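Following: one structure in structure tokens, then a few remarks.
The values are calculated or read from the model by the stated rules, or taken from the named source; none is laboratory data. For clarity, every value in this text was computed on a predicted model and none was experimentally measured. Note that we place each Cβ from the backbone using ideal geometry, even for glycine, and neighbour counts take in every protein chain shown. Surface areas here come from the heavy atoms of the whole protein model, side chains and all, with no ligands, DNA or RNA. Shrake-Rupley method; radii C 1.70, N 1.55, O 1.52, S 1.80 Å.
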Amino acid sequence: MRQRITLQQLNHALSQQDFDQAIESLHTSIADLEQLKPNWLQFCREKSQLASESFSFLFRQWVRIHRNGYPATNQDYLRLVEREMAELKQVYIALFKIHPGLVYEQKDVSPELFIWLMLELEFSHELRHIYNALHRAQEIDEDIAMLMFLRSKAANLDLIVAQFIEGGGRVTHWCFDLLKRRQTLSIGLTKHWLKNKSLDEPQVHKTLAKFDVEESIEWISIQENDENYLFELLLCKHDRGTWFRKRFGTDESTLTSDKVMTYAKLLELREFRQFTPSNKMAPIQLALCAQPSWLEIALEYFTTLGDDDENEGEEWLFALYIVYGDRFPLKPNELGIEYDWNEAKEVVHSWCSEDKHYIRSPMRLGKELSYQSSLSAMQHPLVPERYRIWLWRQVCMHGRVYMPWHWAMPSYQQDWLFDKLQQQTAALERFNLRNQNATVGY
């Protein structure tokens, strides 16, 4: 895995002048395009436009695959998309050899394509390319930028990002999250930025608290808005259930938000065992807890959804699949492809009428709900990121273990992370005995 950046390595801060010079060098190159023969320039730009249009389609598919589930390298469609993206890269390598400005002008035409190219090994050896990629990343969707930067193998990228934060550049919060998710952020460097006020206190303390830094745990504990730090507080509390009851009460109707209610379900507190399928986070709550009695309610609710409720129904299909796995009669990602919404309801109704939906205990992907099956769900290509985020919180809280994770991490990084977690026997025991906390001292 990558090496963590320490304070000792940070011997230079990137200034705005560094970025201005890098940006200006590209502008100069683009202006020089006018030196090419008009017909030749038009021909090259036509080729570039065709490649850009193809890339735009492939890139949307690439992002969708990552959002929809674990980006397993054995997915045929993902391999096909990445192979075709690599072939399009050869077009821009050829154009770059003709004139670099033909590639640089993509920064305004197709910023995602420009950033992707600048982070590839064929281009990233020039520092000005990384500087410009970092600059343009501030102007596109943060999650999409994160996806591209997390998978980049550009040399010294982490050090450059750290130097950018040290220099007080824009979007330092995003850069901080990037280093954290690339697992190159050291606690010493984080404390340094906290001390010199390079970053906002809440963001830094939330991160340090997850790594058991006592000063940060104390800081979030005295803040008035507990909901903003609920995950960190619950991760650090030895008696989470007692603290939650004292802080939020035991009446579900008084909970301040759907998010707080979902944490109450995740904690499996007996006062919050009721299940309301009309709640907008009910599918996630079902996937987290998978209580047999909740499944009866959810399946009955699902079959009563109308013709205009397809989007809500799709959420229930994902939640039910996370519980039943391949025992469930439908693949949620095939809705609208292999079957329509009315067919989906009929198949599920028929499946229930044959009593195939009954289970005796909570399940995850058709197996007992456990530490192991939860990590398996985190690595499943049909578990979308919005569910994986909550499954991850569940693993961390009940296993009392934490390692940075994000859905946009490349598969090899996630494989490494989950392999490390599989080796945490104490976390496994704590998770699987989560309803018998006294047994392990909690």
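Condition check ((1) under 16 Å from residue 369 (Cβ atoms); (2) at pLDDT 95 or above) across all residues:
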{"position": "258", "(1), (2)": "no, no"}
{"position": "263", "(1), (2)": "no, yes"}
{"position": "268", "(1), (2)": "yes, no"}
{"position": "272", "(1), (2)": "no, no"}
{"position": "285", "(1), (2)": "yes, yes"}
{"position": "288", "(1), (2)": "yes, yes"}
{"position": "294", "(1), (2)": "yes, yes"}
{"position": "297", "(1), (2)": "no, yes"}
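Yes/no per residue for (1) open to solvent by less than 10 Å² (accessible area, probe 1.4 Å); (2) more than 21 Å from the chain's Cα centre (by Cα):
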position	(1), (2)
109	no, yes
115	yes, no
118	yes, yes
127	no, yes
130	yes, yes
135	no, yes
143	no, no
159	no, yes
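Quick one: residue 4 ticks every box in (1) touching a residue at least 40 places away in the same chain (Cβ under 8 Å); (2) crowded, with 17+ Cβ neighbours inside 10 Å bar one, so which box is it?
(2) is the only condition that residue 4 fails.
Given 60, 67, 45, which one is of a type in the set (Lys, Arg), open to solvent by 20 Å² or more (accessible area, probe 1.4 Å) and touching a residue at least 60 places away in the same chain (Cβ under 8 Å)?
Values: 60 fails: touching a residue at least 60 places away in the same chain (Cβ under 8 Å); 45 fails: touching a residue at least 60 places away in the same chain (Cβ under 8 Å).
Matching residue, one of 60, 67, 45: 67.
Identify, please: which residue in the stretch 287-308 is open to solvent by less than 50 Å² (accessible area, probe 1.4 Å) and outside any helix (DSSP H, G or I) and is, among those, farthest from residue 331 (Cα to Cα)?
306
For the stretch 388-421, name all the residues that are at pLDDT 95 or above and among the polar types (S, T, N, Q).
Within the stretch 388-421, just 394 meets the criteria.
Among the residues of the stretch 257-276, how many are buried (at least 19 other Cβ atoms within 10 Å of the Cβ) and under 22 Å from residue 311 (Cβ atoms)?
3
For the stretch 172-181, check the following and say yes or no: at least one residue is open to solvent by 10 Å² or more (accessible area, probe 1.4 Å), part of a loop (DSSP other than H, G, I, E, B), in contact with a helix residue (DSSP H, G or I) (Cβ under 9 Å, 6 or more places away or on another chain) and not aliphatic (A, V, I, L, M). Show your work before the answer.
Restricting attention to the stretch 172-181, the residues satisfying the condition of being open to solvent by 10 Å² or more (accessible area, probe 1.4 Å) are 172-174, 177, 180-181.
Of the ones still in play, those that are also part of a loop (DSSP other than H, G, I, E, B) are none.
No, every residue in the stretch 172-181 fails to be open to solvent by 10 Å² or more (accessible area, probe 1.4 Å), part of a loop (DSSP other than H, G, I, E, B), in contact with a helix residue (DSSP H, G or I) (Cβ under 9 Å, 6 or more places away or on another chain) and not aliphatic (A, V, I, L, M).
Within the stretch 16-119, considering only helices (runs of 4 or more DSSP H) that don't extend past its boundaries, which have at least 3 residues that are out of contact with any His (no Cβ under 9 Å at 6 or more places or on another chain) and closer than 20 Å to residue 139 by Cα?
Working: elements: 16-31, 38-68, 76-98, 101-104, 106-109, 111-119.
Those helices (runs of 4 or more DSSP H) span 16-31, 38-68, 106-109, 111-119.
Hand me the list of helices (runs of 4 or more DSSP H) wholly inside the stretch 212-275 holding 2 or more residues that are free of Cβ contacts under 8 Å to residues at least 24 places away in the same chain.
Values: elements: 214-221, 230-236, 240-248, 258-266.
Counting at least 2 such residues, we get 214-221, 240-248, 258-266.
If you take the residues of the stretch 189-209 that are surrounded by fewer than 20 Cβ atoms within 10 Å (Cβ to Cβ) and assigned to a helix (DSSP H, G or I), which of them is farthest from the chain's Cα centre (by Cα)?
Applying the filter and picking the extreme gives 195.
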